[in-house]
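Remarks on the structure that follows.
Bear in mind these aren't lab numbers, they're just calculated from the coordinates by the rules spelled out. Predicted, not measured: the structure shown is a model, and the values here were computed from it. Note that each Cβ is placed from the backbone with ideal geometry, even for glycine, and that neighbours are counted across all protein chains shown.
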Amino acid sequence: MDEVFGEGNCVALIQCSKTSSASSELLPGVADYIVWYSKQKEAIKYRALFRSKRPGEEGASKYDAIEDRTGSRRLMNSNEKRDPAEIPADARVSTVDQLTSQRPPGSDPFVFQGQTFVPVTGFWKTSVQGLGRLSAANRVVKAGNRVRYVRYLDDFSVFTLTNFWTDTGSVQSRSDPKIYVVQSATTVIERCVLMTTDPGDLVLDPTCGSGTAALVAEQWGRRWITIDTSRVALILARTRIMGARFPYYLLADSRDGQLKEAAIRGSAPSAQLTGGDIRQGFVYERVPHVTLKAIANNAEIDVIWEKWQQTLVPLRESLNKAVKQKWEEWEIPREADAKWSTVAKKTHAEWWQARIARQKEIDASIAAKAEFEYLYDKPYEDKKKVRVAGPFTVESLSPHRMLGVDENDGLIDPLRQSRAETQSFDPMILENLRTAGVQQAHKADKLNFTSLVPWPGHFVCAEGRYLEGGETSAEKRAAIFIGPEFGTVTRVDLVAAAREAGDAGFDVLVVCAFNYEALATEFNKLGRILVLKARMNADLHMADTLKNTGKGNLFVIFGEPDITILPEANGQVRVQVNGVDVFHPNTGEVRSDGADGIACWFIDTDYNEESFFVRHAYFLGAGDPYSSLKTTLKAEINQEAWESLHSATSRPFDKPKSGESP
């Protein structure tokens with residue numbers, strides 16, 4: 001990797017646990033490693049992720065004291081250290097830290113609670129004025145001949161994720177079930193995606209596997225491309241993503257997002273127009289990051305202190321007079337003595353009430369002026385909305401034919417190979433074709449072969465016979481052309497196969513393939529030979545484990561759509577689908593079926609004649625699909641939005657740049 005990216009572009013080596021236990025004859029391995037490289041390290045995009053601190057655990061191991069609402073501090077007892085849930089709910093967990101460092105600003109004497117302190121080593125971390133503000137904020141304590149800084153757990157309640165991930169665990173769980181032999185843990189992929197990308201960025205996974213990277217990218221609003229040579233992997237990934245329900249996160253570029261951001265900041269909502277641009281990110285939760293420097297530079301603490309001194313000083317003087325003492329502020333006891341007079345007890349209570357109020361106001365000022373960190377793994381969710389993945393292109397390995405190389409570096413075209421060389425693939429397809437037949441749009445319209453035998457042709461590999469119009473009708477001969485296991489059938493292939501079928505006296509050509517190039521879909525007939533294009537189900541790639549019952553739609557003929565292009569006044573266009581042409585094996589006719597017979601239809605608004613990308617999706621379907629959708633998603637569906645999708649006429653869109661039909 002150093003040779004590919006450069007030694008200086010190695011970012012990190014991340015170790016992540018993969019299981020809680022393992023068995024091995026030697027030393028068991030319980031961790032995986034992620035090697036992180038950057039194309040240009042100094043320009044890398046990085047979004048820090050955090051983990052919550054828990055007293056006594058990683059990131060908070062030294063937090064062993066608690067402070068009650070009156071400011072009284074004590075060390076945790078053994079029960080509280082063992083179980084943080086035992087800590088009182090209104091207490092603040094704290095620790096003490098150094099007030100000195102090896103760098104200036106200064107070493108002037110600092111007077112605290114009647115005692116003068118100077119740095120034992122080094123310098124103060126802030127000026128004497130800053131130390132005074134820390135003292136006013138109740139952030140300084142004595143520790144022998146030194147003073148120390150009080151740091152609360154909630155000053156920064158998280159710690160930065162390191163390169164040692166011990167909480168990733170195994171993928172074998174209810175929330176993350178293992179469906180693929182080399183499936184990655186979702187938590188691991190989530191962290192990689194969230195650390196290095198923003199919403200709208202593109203994630204590429206060239207080894208799809210179970211589709212974890214694509215699933216994570218879809219959930220977190222990233223665009224994605226995933227690739228695999230195995231159809232099994234692609235089927236698993238497609239099923240996993242299309243069957244998932246995703247949370248709907250508040251977009252920063254939305255009115256709801258603006259209102260949420262204003263509520264968090266305590267400010268007026270932005271009046272800027274919104275466009276729903278996901279690249280502007282989500283509205284994220286955030287945690288305050290209170291630092292010593294921020295408190296020391298907070299001049300508002302001086303104002304608050306002086307304001308409350310006008311109340312606290314007279315009360316302290318009255319209390320001292322009532323109990324005949326000369327207490328300074330830090331010397332006043334927490335509890336009133338039972339022997340005190342009623343006036344003294346009342347004055348003591350008023351003083352502590354004012355003292356606590358002053359502390360709350362100072363703490364509020366500190367929190368208001370504190371910096372904060374975004375929690376990029378915790379965007380705010382709109383609980384009223386559920387998001388699902390739309391249709392996507394995942395079945396096609398390539399819109400072009402793939403050529404192999406033989407032992408002499410010569411090119412091998414899978415369609416030009418002899419049938420003897422494809423003896424393992426073709427017989428398997430024919431066996432399933434013999435059992436399953438070729439399904440049409442309607443269940444009743446099925447082409448069932450009475451016989452299916454091999455044929456010694458170059459393109460035509462089998463002869464199939466079927467009855468047209470029932471058992472008393474004439475028998476028809478169908479030439480069977482099987483496309484490559486990994487590749488695409490072109491229009492040229494169809495023309496050549498149709499000519500071969502015509503020369504051999506066949507009545508119809510049935511083409512079975514996984515993928516067809518764009519121009520091939522327009523080729524339906526050559527002379528008297530009708531060309532029926534059947535798309536093979538990707539399950540056939542798992543034919544060795546597929547139970548051949550004949551009940552599955554393994555071969556489905558897709559008809560040609562009947563559409564009308566409707567021009568719009570602003571130069572845009574709309575597409576109206578009128579139906580689809582379907583071949584009926586009982587009559588041998590090609591009839592047009594209405595739009596009601598179409599379950600769903602898609603539009604590529606910028607078609608390039610090679611790859612079809614679903615940019616518009618519409619769902620018709622029989623019955624009441626609206627009700628079924630509500631039941632499936634377990635949510636209320638926006639009626640207006642649904643009507644825009646449940647239509648035989650598309651929404652307006654710009655004409656394709658290529659000039660081709662959408």
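What is region 292-369 by shape, rounded, prolate or oblate, if you read a ≥ b ≥ c off the alpha carbon gyration tensor as root eigenvalues and call it rounded for a/c under 1.5, prolate for a/b larger than b/c, and oblate otherwise?
It comes out prolate by the Cα gyration axes.
Once fully extended, how much extra length lies between residue 242 and residue 321, figured as 0.36 nm per residue of separation less the alpha-carbon to alpha-carbon distance?
20.7 nm
Based on other C-beta atoms within 10 Å, arrange 319, 447, 530 from fewest to most.
Working: 319 22, 447 25, 530 19.
Final ranking by Cβ density, sparse to dense: 530, 319, 447.
In whole Å, what is the distance between the alpha-carbon centres of region 481-521 and region 237-297?
52
Does region 1-135 come out rounded, prolate or oblate by the C-alpha gyration tensor, with a ≥ b ≥ c the root eigenvalues, rounded set by a/c under 1.5 and, if not, prolate when a/b is larger than b/c and oblate if not?
oblate
What aspartates and glutamates does residue 345 reach when the alpha-carbon gap must be under 13 Å and sequence neighbours fewer than 8 apart in one chain are set aside?
By straight Cα distance, residue 345 reaches 335, 337.
Rank these for me by crowding, 134, 467, going from fewest to most other beta carbons within 10 Å.
On the way: 134 23, 467 17.
Result, fewest neighbours first: 467, 134.
Of the cross-linked pairs 62/369; 18/45; 41/369; 41/260, which ones have a Cα-Cα span greater than 31 Å in the structure shown?
41/369; 41/260
Suppose the chain between residue 313 and residue 294 were pulled fully straight at 0.36 nm per residue; how much longer would it get relative to their current alpha carbon spacing?
On the way: separation 19, 0.36 × 19 = 6.84 nm, distance 2.73 nm.
My answer for the length gained is 4.1 nm.
Evaluate the distance, in nm, between pseudo-label points positioned 7 Å from the Cα of residue 202 and of residue 349 along their respective Cα→Cβ axes.
7.1
Could you calculate the contour length gain from residue 642 to residue 341, that is, 0.36 nm times the residue separation minus the distance between their Cα atoms, to one decimal place in nm?
That pair, residue 642 and residue 341, stretches by 100.8 nm at full extension.
Would you please give the residues with an amide H less than 5 Å from that of residue 208, counting only those at least 5 places away or on a separate chain, with H modeled from the backbone geometry?
227, 228
For 511, 290, what's the fewest-to-most ordering of other Cβ within 10 Å of each Cβ?
Working: 511 26, 290 22.
Final ranking by Cβ density, sparse to dense: 290, 511.
Return the sequence-ordered ³J(HN,Hα) values of region 476-483 in whole Hz as given by the Karplus equation 6.51 cos²θ - 1.76 cosθ + 1.60 applied to θ = phi - 60°, using x for Gly and Pro.
Values, residue by residue: 10, 9, 10, 7, 9, 10, 9, x Hz.
Under the rule of at least 5 residues apart or a separate chain, name every residue whose amide H is placed under 5 Å from the amide H of residue 516.
Those qualifying (amide H under 5 Å, at least 5 residues apart or on another chain) are 489.
Could you tell me which of rounded, prolate or oblate describes region 199-246, using a ≥ b ≥ c as the square roots of the eigenvalues of the alpha-carbon gyration tensor, with rounded for a/c under 1.5 and, failing that, prolate when a/b is larger than b/c and oblate otherwise?
On the way: a/c = 3.08, a/b = 1.32, b/c = 2.34.
Cα axes put region 199-246 in the oblate bin.
Name the long-range amide H neighbours of residue 161: under 5 Å, sequence gap of 5 or more, or other chain; modelled H, no Pro or chain starts.
49, 50, 51
Karplus couplings for region 211-216 from phi (6.51 cos²θ - 1.76 cosθ + 1.60, θ = phi - 60°), rounded to Hz, Gly and Pro as x?
Running phi through 6.51 cos²θ - 1.76 cosθ + 1.60 with θ = phi - 60° gives x, 4, 4, 5, 4, 5 Hz.
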